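Read through the structure below, which is laid out as structure tokens, and then see the notes.
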Amino acid sequence: MTAAENDEQFYRDTESIAFPKLTDEQLALLEPLGKRRKLGRGDFVLKAGQREFPLTITLEGELEAFEARDGVEQILATSHPRDFLGDVSMLMGTSALANARVKSETAEVLQIPAAQLRRALAEIPSIGETIVNALIMRRRRLNRDRDFAGLRILAFPDSRDGRQLDDFLDKNHIPHRLIDVRSEQGVALARSFHLADRELPALITPIGTPLRRPSLREVAQVAGLLRPLAAGDEDEIKCDLAIVGAGPAGLAAAVYATSEGLHTVVLESYAPGGQAGSSSLIENFFGFPTGISGGDLTWRAQLQAYRFGAKFSTPSQALTLTYKPEDEYRVSLQIEGCMATLCAKALVIATGANYNRLEAEGRERFEGVGVYYAATAFESKLCRGTTVIVVGGGNSAGQAAMYLSQDVTRVLLVIRGNDLSHSMSDYLARRVLAQKNIKLLSNTTIRRMTGNSVLEAVELENTKTGERRTVETPAVFSMIGATPCTEWLPPEIARDNKGFVKTGTLVVADPMWANAARSPEPLETSLPGIFAAGDVRSGSVKRCAAAVGEGSTVVAGVHAAIRDGGTSR
């Protein structure tokens, strides 16, 4: 079956999920949450770039959603009575990617504000399942629609900055296109928007405004990912729980905290999902017998947290932490690019770990243009039909090698040890060794990387024999472990000799707990009310399911700390 035939089959199979008709019962439940409006032909109900837009239910007449691009309108969907117009952006609070207007002479609609809708989705299951499934499926269809552009990145194909913008939007699940400025379409766009080479990469917004060499924060603002945490001139933003890091542990904590009524703010420095979000396929996660990609798993978790009311801000990085033990809002965070201070009654540190870097000559030159720390569809499409190298002997490396082997000619799996028996799950090791186009290179390391603007070759050395050889490759995938992201924490938060945060019984003798009225909760740190979960925690099992478990259970401790009222003595 061709790609076009696959797409056609996908659209047929998903039509009823993406565009369901609301029942009389569902309409009756939604009616009190919104306001009816009578409209005429051409009246807009939604404009591209709008945030916090309402769910629009068609009661009479017809509406149409469309993308306006370079003077041409691309019709995306038509809404008839009992249909509704909306997108996942409504749950996430991100910007609308398209427009919607009245198509018929007259129309009557019911519009439900985004905040009211999110509350209804959490509280009324008969509505939540239908609408959430439809919104998710619509986003999947948009991502497959070759005629839909979304945000457009105009860049040279070997541009590191262009690839970073592409990766950032991809990992944050924002529909977009990366366009080669040398292609026919790219030349036309550069001419139309008067973009010089020195102004690339450029981001072209859904309303047709070009941003020249934008920062990630500027891109996030356009996409609606970067939420203003303060309203107006507030110096402080207060919440029950602040979560720093939106990997599996942070996302699980957000889901459980918000579902239990805690006002929760989540700060993420790049994209939700952490290392798990970069995994091409997690096959041993409970409840998914055929596996699930890390990106899909963590994106669904994020939508779940949004549905319950969690507030996310991306990219937002906590810079400093101040502890006030006698204050109700005992934790104060200074956030990069934010004039206000985030104050919380409790804090969960879920910052995970940063990928370790290969000690190979020339490696720095090829970060993002040949050296990668994830193997997803984004990276796979860059090296289709070539030889690639995966470095590492753990499960992440094995999953990456298996995933890449579907599209590349050959995968060289480079490990420092003799075999995979001590570092990789048995089922995965057997599968890797049985795959015909994966070759295991034991006792091997990368010594040098070479190329012009992108990676072209690496020099490998057998550490037992000293033999060296050069392999032509456009991509090296480094899966050699990580170090905890704890450098921003104050010294009062105890860490082990590798920098991972101590919790529970490991901190019971620390000064703040010595004369406390209660013992530390299992995931509580040396400072009462501050918790650690997931890979950043000392002694944690470095598995996605374990991180989810810790993020879920940490909320019980958070409730205890908040009841404690900020006093531990």
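Of all accessible surface on segment 416-515 at a 1.4 Å probe, what whole percent is carbon and sulfur?
Here carbon and sulfur together make up 47 percent of the probe-accessible area.
May I ask you to rank 80, 422, 173 by accessible area, largest first, using a 1.4 Å probe over the protein chains only?
Heavy-atom accessible area, descending, gives 422, 80, 173.
I want to verify the translational diffusion coefficient of segment 191-291 in µm²/s; compute it with Stokes-Einstein, Rh as the Kirkwood radius over Cα pairs, at 25 °C and 0.890 mPa s.
Answer from the Stokes-Einstein relation: 144 µm²/s.
Work out from phi, with θ = phi - 60° and the Karplus expression 6.51 cos²θ - 1.76 cosθ + 1.60, the ³J(HN,Hα) of each residue of segment 403-409, listed in order in whole Hz, and give x for Gly and Pro.
5, 5, 4, 6, 10, 9, 6
Have a look at 558, 413, 298 and report the one farthest towards the positive end of the charge dipole of the chain, computed about the Cα centre with Cβ charges (Lys/Arg +1, Asp/Glu -1).
Final value for the positive-end residue is 413.
Taking H placed 1.01 Å from N in the peptide plane, check which residues at least 5 places from residue 413 or on another chain put their amide H under 5 Å from its amide H.
Placed amide hydrogens put 390, 439, 440, 441 under 5 Å from residue 413.
Please name whichever of 453, 477, 434 sits farthest to the positive end of the charge dipole of segment 410-569, dipole taken about the Cα centre and charges placed at Cβ: Lys and Arg +1, Asp and Glu -1.
Result: 434, furthest along the dipole toward the positive end.
Take each of the peptides 283-293, 249-259, average the number of other beta-carbon atoms within 10 Å over its residues, and list them starting from the highest.
249-259, 283-293
Using only Cα atoms, locate the centre of segment 12-88 and the centre of segment 260-291, then give the distance between them in Å, rounded to an integer.
Each part's Cα centre sits 30 Å from the other's.
If amide H atoms are built 1.01 Å from N in the plane of the peptide, which residues on other chains or at least 5 residues away come under 5 Å of the amide H of residue 156?
Residues meeting the criterion, in which the H sits 1.01 Å from N, are 181.
How would 36, 430 line up by accessible area, probe 1.4 Å, largest first?
Largest accessible area first, the list is 430, 36.
Give me the Å³ per residue figure for the convex hull around the C-alpha atoms of segment 29-107.
It comes to 90 Å³ per residue, whole-number rounded.
Determine the shape class of segment 109-265: with a ≥ b ≥ c the square roots of the Cα gyration tensor eigenvalues, call it rounded for a/c under 1.5, and otherwise prolate if a/b is greater than b/c, oblate otherwise.
Prolate shape, in that a/c is at least 1.5 and a/b is the bigger ratio.
Mind checking the alpha-carbon convex hull of segment 467-551 and giving the volume per residue in Å³?
151
Report the Cα centroid-to-centroid distance between segment 444-513 and segment 397-442 in angstrom, as an integer.
19
Apply the Karplus parameterisation 6.51 cos²θ - 1.76 cosθ + 1.60, with θ equal to phi minus 60°, to every residue of segment 468-474 and state each ³J(HN,Hα) to the nearest whole Hz, in sequence, with x for glycine and proline.
10, 8, 9, 10, 6, 7, x
Please compute P(r) over all alpha-carbon pairs of segment 1-159, binned at 5 Å starting from zero, and give each bin as a whole-number percent.
P(r) over segment 1-159, rounded to whole percents: 2, 9, 17, 21, 20, 15, 8, 4, 2, 1, 0.
Going toward the positive end of the dipole of the chain, with +1 on Lys and Arg Cβ and -1 on Asp and Glu Cβ, which of 57, 389, 538 do you reach last?
Final value for the positive-end residue is 389.
Cα gyration tensor of segment 394-527, axes a ≥ b ≥ c as square roots of the eigenvalues: rounded (a/c below 1.5), prolate (a/b > b/c) or oblate?
Cα axes put segment 394-527 in the prolate bin.
Carbon and sulfur atoms: what percent of the 1.4 Å accessible area of segment 311-382 do they account for?
48
In square angstrom, what is the accessible area per residue of the chain with a 1.4 angstrom probe?
With the other protein chains kept in place, the chain gives 44 Å² per residue.
Tell me which lysines have Cα within less than 24 Å of residue 498's Cα, excluding those fewer than 8 residues away on the same chain?
542
Tally Lys/Arg at +1 and Asp/Glu at -1 over every other residue whose Cβ is under 14 Å from the Cβ of residue 74; what's the total?
So the surrounding residues net to 0.
Could you give the dipole magnitude of segment 456-569 about its Cα centre, charging the beta-carbon of Lys and Arg +1 and that of Asp and Glu -1, in debye to the nearest 20?
In total the dipole reaches around 400 debye.
Let a ≥ b ≥ c be the square roots of the eigenvalues of the Cα gyration tensor of segment 348-443; is it rounded (a/c under 1.5), or, if not, prolate (a/b larger than b/c) or oblate?
Verdict is rounded for segment 348-443.
Given H placed 1.01 Å from N in the peptide plane, which residues other than close sequence neighbours of residue 282 have an amide H under 5 Å from its amide H?
For residue 282, the qualifying residues are 292, 293, 294.
Mind checking which lysines have their Cα closer than 27 Å to the Cα of residue 35? Skip sequence neighbours fewer than 8 apart in that chain.
Qualifying lysines at Cα under 27 Å: 21, 47, 103, 311.
Could you give the size of the charge dipole of the chain about its Cα centre, using +1 on the Cβ of each K and R and -1 on the Cβ of each D and E, expressed in debye and rounded to the nearest 20?
720
For n ≥ 4 DSSP H runs only, could you compute -39500 (n - 2.57) per run for the chain, divide by its residues and tell me the 222 nm figure to the nearest 500?
The helix-only estimate for the chain comes to -8500 deg cm²/dmol at 222 nm.
Using θ = phi - 60° and the Karplus relation 6.51 cos²θ - 1.76 cosθ + 1.60, list the HN-Hα couplings for segment 499-504 in order, rounded to whole Hz, with x at every Gly or Pro.
Per residue, the Karplus-derived 3J(HN,Hα) values read x, 7, 6, 7, 9, x Hz.
Given charges of +1 on the Cβ of Lys and Arg and -1 on the Cβ of Asp and Glu, with all other atoms neutral, how large is the dipole of segment 387-531 about its Cα centre, in debye to the nearest 20?
560
Averaging over all projection directions, find the projected area of the Cα convex hull of the chain and quote it in nm² with one decimal place.
28.1
Output the peptides 320-330, 104-114 sorted from most to least packed, where packing is the average of other Cβ atoms within 10 Å over each peptide's residues.
Order by mean packing, descending: 104-114, 320-330.
With contacts defined as alpha carbon pairs under 8 Å and 6 or more residues apart, what's the relative contact order of segment 281-388 in percent?
11
If you average the alpha carbon positions of segment 362-376 and of segment 520-569, how far apart do those two centres end up, in angstrom?
Between the Cα centre of segment 362-376 and that of segment 520-569, the gap is 34 Å.
The values are calculated or read from the model by the stated rules, or taken from the named source; none is laboratory data. Since the model is a prediction, treat every value here as computed from it, not as a measurement. Methodologically, a virtual Cβ is constructed for each residue, glycine included, from the backbone with ideal geometry; neighbour enumeration extends over all protein chains shown. The protein model used for the area step is the full one, side chains on, heavy atoms only, and it has no ligands, DNA or RNA in it. Shrake-Rupley method; radii C 1.70, N 1.55, O 1.52, S 1.80 Å.
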